[in-house]
Amino acid sequence: MRNREKMKGKTLQYLGWPLYFAIAVAVMNILMFFVSRNAGFVMLPLTILCAASAAFLLWYRRTRLRQEILSLASDNAQIQNRLLANMPAACGIMSNSGKLLWGNERLWEQTPLDRGGRKPIWSVIPEVKEKDFPLGEGQYIRHIHLGERDYRLEIENVDIPQEVVSPDILGLRNDAGEIYALYLFDETEQMLYKKERENEKLVVGLIYLDNYDEVLESIEEVRRSLLMALIDRKINRYVTRLDGLIKKIEKDKYLVLIKKKYVADMQEDKFGLLEDVKTVSIGNDMSVTLSIGLGMGAESYGKNYDYARAAIDMALGRGGDQAVIKDKDSIRYYGGKSQQMEKNTRVKARVKAHALRELIENSDKVLIMGHSIGDVDSFGGAVGIHRIAFTLGKKSYIVADTVTPLLKPMLGRVQSQLETEEPLLISGEEAMEMADSSALVVVVDGNRPSYTECPGILAKGSNIVVLDHHRQMAERLDNAVLSYVEPYASSTCELVAEILQYVDDDLRISSAEADIMYAGIVVDTNNFVNKTGVRTFEAAAFLRRSGADVVRVRKLLRDNMEDYRAKAAAVSTAELFGGSFAIAVCPSEGLDSPTVVGAQAANELLNIVGVKASFVLTQYNNVIYISARSIDEINVQVIMEKFGGGGHMTIAGAQLKDCSVEDAKELVKATVLKMVEEGDI
């Protein structure tokens, strides 16, 4: 064994220098003999001494030298091992199967990893995913939480050649010879400082009084200043308690600055100011309501203010009496439980009507569309806008790929009474060809792009108008040149009926157009029962004067036998849960408009004593449609928003995909009960 031991590399070079020197001296000695024989004999003893010294070092001291080198290497290895074992950072070596081969003491102290290397790392640290292995030559970095500490986990590939260490010895999954170096750095303090810094950032807020003018008009003039003083006191106390700053910028508007760490407190008490301000009463007939918009998470305070403006617009667009937080990547809603107060003035309707007329006059053609699977309200509003464009001498078309059998006779009458050969309806494909920068796109009965009949034309048309009565959500048409979204309105037909009265003095609608718009109001209000105000009856009166016939509309809205049986089946199989909620499944086979039947069944369930809200599920085209209805106590809109839907406080809906009817039913029940338990409804 000793004979086979070799020295190589730098060590062999250093040990060879005496031999090289001896050879050099011998060569010089030989040369000296050629120069002078006497000089050669004089130098010969020195040559012999050098050769003897080299031989002694190479052959007699070689073993001792080797032992000293090995001892030094061993000492260095022990020092390195001791340093690795006791270094402040946790580190280890891991195979490509995720099992630890070695780790220092700090690693075992800080992690619950298996010392025996029997369990892979992802079975102990969930943040590490098995799919991320093997890493190849990349670096894997994750921020993890173990116990009460935060760590930065780094894993790097270390390529071990197969001739150095056998993969079988390391327990690798293949013969690639790959192992990984694992490092764990404690960053608890850094994360704490980062969190504190984040919490100290300022959040911009806006507070608007929703019904300022209406409340002041409801009390005596001498008490108005006292009422406003009490409201100011409530708002100032609430903000001051949060260590914030508040400035009244208008008579009914406030600017607020608070630290981000207090937003969590506001969320925890569900923005108690919303309910607290309603307790202010000195003889006023209606309660004061306000809306709150908070902007945070932006790179600058100016951008946070823009977020706050967007949030307050969202709160007002959803009916007020609620708080909206707009973060950089999310929007959250709170409150919104009270019924939206109807506006007594119609000034806004007149302003919107004049703006709409100007947009139509400056366009070559008008494309009108509602939501997919259009209902009576959607087509009724579209017919009203079509009449405006026709009166102003512009080509106008309603975009619809499908029309339910209920609506076909109504739209057929409208077409027959038009003084033109141009078609009333066109398909989405035809609309895509017509849509250009000169076209005006009017969206009725919806403000979500993905729910419209043909979303493609929204991207092609530069001028977009939105007319809707649903509360706005995060997904909305932000690029509309004109937006008239009023959640207090009973229906889109009500809004369009008001606009018709201000667009042009010579505008006259046909009896067929009046019928379908009147039918839209009747359907959305459930025969003037739900969400009906003074302006609803005024719109209905205008349509009656224009030729709408109540008996004719009633005949048009009658159910056929299959629809009536399906509605009766849904009601008969309804299930009560939570003490005051009803849920049912409406059959859809053989029905022309199963979603409409489901909505009618939901209305019928509200006639049962003790039922505060009803939910009817209808499966149609591999999608489960949820129709939610309530009378006044339960806000079904916030419930449907949990499923990506929306609507009104008393009328809302949502759609579920990739889900069975039974699973959807259980999901709705669980969501409602959880929201009741948490006080969200």
Between 0 and 90°, nearest 10: helix 534-545 axis offset from the chain longest Cα axis: 60 degrees
Which of Met410, Met286 has the fewest Cβ neighbours within 10 Å, and the rest in rising order: Met286, Met410
Extension reserve of the Lys259-Ser281 stretch, reckoned as 0.36 nm per residue once the Cα distance is removed: 4.8 nm
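Quick check: net charge around Val597, other residues with Cβ under 14 Å of its Cβ, Lys/Arg +1 and Asp/Glu -1? Don't jump to the answer; show the numbers that get you there.
Values: positive: Arg558, Arg565, Lys567, Arg629; negative: Asp375, Asp559, Glu562, Asp563, Glu589, Asp592, Glu604.
So the surrounding residues net to -3.
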Label-point separation in nm, Asn607 to Ala24, each point 7 Å along Cα→Cβ: 11.7 nm
Cut-off 18 Å (backbone N to label point 7 Å along Cα→Cβ of Lys555), residues of the range 510-533: 511-520
Neighbour net charge for Asp401 - beta-carbon separation under 9 angstrom, K R +1, D E -1: -2
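For a 22 Å ceiling on Cα separation, which of these pairs sit above it: Lys567/Lys642; Lys129/Lys665; Lys194/Lys328?
Details: Lys567/Lys642 26 Å; Lys129/Lys665 34 Å; Lys194/Lys328 18 Å.
Cα-Cα > 22 Å for Lys567/Lys642; Lys129/Lys665; rest within.
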Principal-axis tilt of helix 62-86 within the chain, Cα atoms, nearest 10 degrees: 20 degrees
Gly547 long-range amide H proximity, modeled H, under 5 Å: none
Two-site label geometry, Asn479 and Ile141: point separation in nm, points 7 Å out along Cα→Cβ: 3.6 nm
Calculated FRET efficiency for the pair Asn362/Gln415, C-beta based, R₀ 22 Å, to 0.05: 0.25
Cα-based helix-to-principal-axis angle, 301-317 vs the chain, degrees rounded to 10: 30 degrees
Simple spin-label estimate for Leu49 and Arg237 in nanometres, 7 Å along Cα-Cβ: 10.8 nm
Ile179, Ile48 arranged by Cβ crowding within 10 Å, fewest neighbours leading: Ile48, Ile179
Ranked packing of 20-30, 383-393, most packed first, by mean Cβ within 10 Å: 383-393, 20-30
Estimated vicinal HN-Hα couplings, Hz - the range 356-368 in sequence order (Karplus 6.51, -1.76, 1.60; Gly, Pro = x): 5, 4, 4, 5, 5, 5, 8, 10, 7, 8, 10, 10, 10
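Run the numbers for Lys657 and Ser300: contour at 0.36 nm per residue of separation, minus the present Cα-Cα distance, in nm.
On the way: separation 357, 0.36 × 357 = 128.52 nm, distance 3.90 nm.
Roughly 124.6 nm would be gained on extension.
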Those aspartates and glutamates that a straight Cα-Cα span of less than 12 Å connects to Lys352, excepting residues fewer than 8 apart in one chain: Glu486, Glu498
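Given a cut-off of 26 Å, name the pairs among Lys261/Lys326; Lys555/Lys612; Lys247/Lys270 whose C-alpha atoms lie farther apart than that in the structure shown. Provide the component values of the computation, followed by the final result.
Values: Lys261/Lys326 15 Å; Lys555/Lys612 30 Å; Lys247/Lys270 23 Å.
Too far apart for the 26 Å limit: Lys555/Lys612.
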Footprinting exposure proxy for Ser97, Ser396 (fewest neighbouring C-beta atoms within 10 Å first): Ser97, Ser396
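Bear in mind these aren't lab numbers, they're just calculated from the coordinates by the rules spelled out. Because the structure is a prediction, the values reported are computed rather than measured. Every residue, glycine as well, gets a Cβ built from its backbone with ideal geometry; the counts of neighbours run over all protein chains shown.
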